[in-house]
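Q: What follows is a structure written as structure tokens; I'll ask about it next.
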Amino acid sequence: MNGVTGRMGYHQHLVRSLLAIRAQGGLDLGDGRVLWPEPVLVGRRADALRAIAERHGLAHWSTDLNAVLAARGEDAVDVYFDAQATAARPDSLRRAIAAGKHVYTEKPTARGLADALELARLAEAAGVRHGVVQDKLFLPGLLKLKRLIDGGFFGEILSVRGEFGYWVFEGDWQDAQRPSWNYRAEDGGGITMDMFPHWEYVLHELFGRVTSVFAHTATHVPRRWDERGKPYPATADDAVYALFRLANGTVAQINSSWAVRVMRDELVEFQVDGVHGSAVAGLRRCRAQHRSATPRPVWNPDLPAAEAFRDQWQEVPDNGDFENGFKAQWELFLRHVALGGPYRWDLLAGARGVQLAELGLRSAARGRRFDVPELAL
């Protein structure tokens with residue numbers, strides 16, 4: 001596990017995924033075997049790795065990735081996982097693939113489409129199993145939304161509107177919630193490259209393939225302060241406003257911003273409007289309104305609104321227990337490694353996300369819409 005000293009790598013992938021799988025007694029493969037994950041922590045900071053290993057009673061950590069990949073016998077690893085900064089990811093993934101390791105990685109898989117496709121092709125040629133984290137598909141809110149879609153609740157889906165973001169402090173008077181490299185284009189930062197890979201798989205899996213993109217980016221906060229309290233110029237975009245067209249004709253518009261204050265129930269929400277009904281899904285909640293229960297609002301700017309519009313929506317029930325989304329996908333990928341079978345959230349799917357981000361940035365730079373070609377290995 002490379003990158004576990006970072007917030008996401010530590011909390012979601014190590015603690016809430018692999019250590020949670022160990023806490024439940026391992027992963028039952030359903031054939032009488034139990035898979036037991038044994039993490040090997042890898043990174044640049046020995047003190048931080050040692051502290052994490054001691055905190056959780058883990059025996060293995062190293063600052064030498066090549067040595068870990070080259071280990072044989074009982075010390076050999078089967079899977080390489082990457083949660084590093086984007087700029088460092090492709091080289092490490094190439095080394096892991098060359099060493100014959102199955103690979104599982106955060107996104108974006110690379111800073112450009114050429115590198116992302118190369119990784120997918122290398123993994124296929126090497127015959128290793130490969131997966132990309134697509135965690136939002138496993139969130140309770142989107143799982144409920146998927147249930148509505150599969151049940152035909154919407155009829156013809158007309159549009160999708162997404163709002164994502166929150167205020168990331170500049171770092172001078174309050175510490176920033178995100179690392180400073182996120183705001184430096186030269187280090188692979190920017191919200192377009194960070195979030196478009198998410199929007200690609202959410203739209204692709206729930207509504208249809210993205211066929212065109214028109215985007216406008218902005219750097220709303222041009223000066224920030226890094227982890228040492230030193231000011232630096234923000235060279236990457238901290239907001240992107242995008243319009244997507246899908247293969248079935250559905251229109252999607254998604255705003256993403258690290259310079260917006262939240263006036264929503266959750267940090268991300270998607271409103272889906274269809275002929276037969278509408279729904280609003282967030283991280284955990286999903287509310288719906290069927291056409292038979294749709295009120296008849298009347299526009300009258302001379303009178304205050306007499307209706308409580310939020311109260312007119314129905315809560316979609318859980319109808320089951322929801323695992324942590326990262327853990328749920330870890331379990332699917334580990335089963336894929338152990339048992340084989342198809343797995344669609346692979347490095348080619350990751351390359352589609354990089355492609356959409358790259359085209360979104362190109363669209364913003366040139367001020368026009370771009371088609372999104374289908375990818376193949």
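Q: Just one of (1) free of Cβ contacts under 8 Å to residues at least 12 places away in the same chain; (2) not in a loop (DSSP other than H, G, I, E, B) trips up Phe270, so point out which.
A: Status for Phe270: all satisfied but (1).
Here's the yes/no breakdown for (1) closer than 26 Å to Leu29 by Cβ; (2) out of contact with any His (no Cβ under 6 Å at 6 or more places or on another chain):
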position: Gly274; (1), (2): no, yes
position: Gly277; (1), (2): no, no
position: Pro301; (1), (2): no, yes
position: Phe322; (1), (2): yes, yes
position: Trp330; (1), (2): yes, yes
position: Gly353; (1), (2): no, yes
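Q: Could you list, in sequence order, the residues of region 301-317 that are among the charged types (D, E, K, R), at pLDDT below 95 and surrounded by 10 or more Cβ atoms within 10 Å (Cβ to Cβ)?
A: Our first condition is that a residue be among the charged types (D, E, K, R); within region 301-317, this holds for 302, 307, 310-311, 315.
Checking the rest, the ones that are also at pLDDT below 95 come to 302, 307, 310-311.
Result: Glu307, single match.
Q: Test of understanding: among Glu186, Glu205, Glu200, which residue is within 17 Å of the chain's Cα centre (by Cα), more than 15 Å from Gln355 (Cα to Cα) and either assigned by TED's automatic domain parsing to the domain that holds Asp238 or not in a strand (DSSP E or B) (or both)?
A: Numbers: Glu186 fails: within 17 Å of the chain's Cα centre (by Cα); Glu200 fails: more than 15 Å from Gln355 (Cα to Cα).
Residue meeting the stated conditions: Glu205.
Q: If Ser257 passes every condition in (1) in contact (Cβ under 8 Å) with a residue 60 or more places away in the chain; (2) surrounded by fewer than 20 Cβ atoms within 10 Å (Cβ to Cβ); (3) under 19 Å from the mean Cα position of the chain (by Cα) but one, which one does it miss?
A: (2)
Q: Now for a different question. Tell me the residue from Gly25, Gly3 that is over 18 Å from the mean Cα position of the chain (by Cα) and on the phi > 0 side of the Ramachandran plot, please.
A: Details: Gly3 fails: over 18 Å from the mean Cα position of the chain (by Cα).
Going through Gly25, Gly3 in turn, the sole match is Gly25.
Q: Can we say Val354 is assigned by TED's automatic domain parsing to the domain that holds Asp115 and part of a helix (DSSP H, G or I)?
A: no
Q: While we're on this one: Do you know which residues across region 123-148 are at negative phi, free of Cβ contacts under 8 Å to residues at least 60 places away in the same chain and either among the small types (Gly, Ala, Ser) or out of contact with any strand residue (DSSP E or B) (no Cβ under 9 Å at 6 or more places or on another chain) (or both)? Break it down into steps so the answer makes sense when it comes.
A: Initially, region 123-148 is screened for residues at negative phi, giving 123-126, 128-148.
Of the ones still in play, those that are also free of Cβ contacts under 8 Å to residues at least 60 places away in the same chain are 125-126, 128.
The answer is Ala125, Ala126.
Q: Only residues that are assigned to a loop (DSSP other than H, G, I, E, B) and either more than 23 Å from Leu142 (Cβ to Cβ) or outside the structural domain of Ala281 (by TED's automatic domain parsing) (or both): list them for region 297-316, please. Don't jump to the end; show me each part of the working.
A: Keep residues of region 297-316 that are assigned to a loop (DSSP other than H, G, I, E, B), which gives 297-308, 313, 316.
Scanning region 297-316 gives Pro297, Val298, Trp299, Asn300, Pro301, Asp302, Leu303, Pro304, Ala305, Ala306, Glu307, Ala308.
Q: Could I ask something else about it? List the helices (runs of 4 or more DSSP H) that sit entirely inside region 1-111 and contain at least 2 residues that are among the charged types (D, E, K, R). Talk me through it step by step, then tell me what you get.
A: On the way: elements: 19-23, 46-56, 65-70, 89-98.
Correct list: 46-56, 89-98.
Q: Of the residues that sit in region 161-183 and are closer than 16 Å to Arg111 by Cα and surrounded by 21 or more Cβ atoms within 10 Å (Cβ to Cβ), which one is nearest to the chain's Cα centre (by Cα)? Working first, answer last.
A: So the first thing to find is which residues in region 161-183 are closer than 16 Å to Arg111 by Cα, and the list is 181-183.
Next, only the ones that are surrounded by 21 or more Cβ atoms within 10 Å (Cβ to Cβ) stay: 182-183.
Values: Asn182: 15, Tyr183: 18 Å.
Looking at the filtered set, the residue picked out is Asn182.
Q: I'd like the residue in region 150-166 that is of a type in the set (A, V, I, L, M, F, W, C) and not in a strand (DSSP E or B) and, out of all such residues, is farthest from Phe270 (Cα to Cα). I'd like the intermediate steps shown before the answer.
A: The first filter runs over region 150-166 and keeps only residues of a type in the set (A, V, I, L, M, F, W, C), leaving 153-154, 157-158, 160, 164.
Restricting the remaining residues to those that are not in a strand (DSSP E or B) gives 153-154.
Details: Phe153: 16, Phe154: 14 Å.
Top of the filtered list is Phe153.
For (1) assigned to a helix (DSSP H, G or I); (2) within 27 Å of the chain's Cα centre (by Cα); (3) not hydroxyl-bearing (Ser, Thr, Tyr), each residue gets a yes or a no:
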{"site": "Arg261", "(1), (2), (3)": "no, yes, yes"}
{"site": "Ala288", "(1), (2), (3)": "no, yes, yes"}
{"site": "Pro295", "(1), (2), (3)": "no, no, yes"}
{"site": "Phe322", "(1), (2), (3)": "no, yes, yes"}
{"site": "Trp330", "(1), (2), (3)": "yes, yes, yes"}
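Q: Oh, and also: From the set of residues in region 144-160 that are surrounded by fewer than 21 Cβ atoms within 10 Å (Cβ to Cβ) and of a type in the set (A, V, I, L, M), which is farthest from Ala376 (Cα to Cα)? Give the derivation first.
A: Taking region 144-160 and keeping what is surrounded by fewer than 21 Cβ atoms within 10 Å (Cβ to Cβ), we get 146-153, 155-156, 158-159.
Cutting the leftovers down to of a type in the set (A, V, I, L, M) gives us 148-149, 158.
On the way: Leu148: 31, Ile149: 27, Leu158: 28 Å.
Here the answer is Leu148.
Q: Moving on to the next point. Considering only region 90-105, how many residues are touching a residue at least 40 places away in the same chain (Cβ under 8 Å) and surrounded by fewer than 24 Cβ atoms within 10 Å (Cβ to Cβ)?
A: Residues flagged as touching a residue at least 40 places away in the same chain (Cβ under 8 Å) and surrounded by fewer than 24 Cβ atoms within 10 Å (Cβ to Cβ) within region 90-105 amount to 2.
The values are calculated or read from the model by the stated rules, or taken from the named source; none is laboratory data. This is a predicted model, so every value here is computed, not measured. Cβ atoms come from the backbone with ideal geometry, glycine included; neighbour counts cover every protein chain shown.
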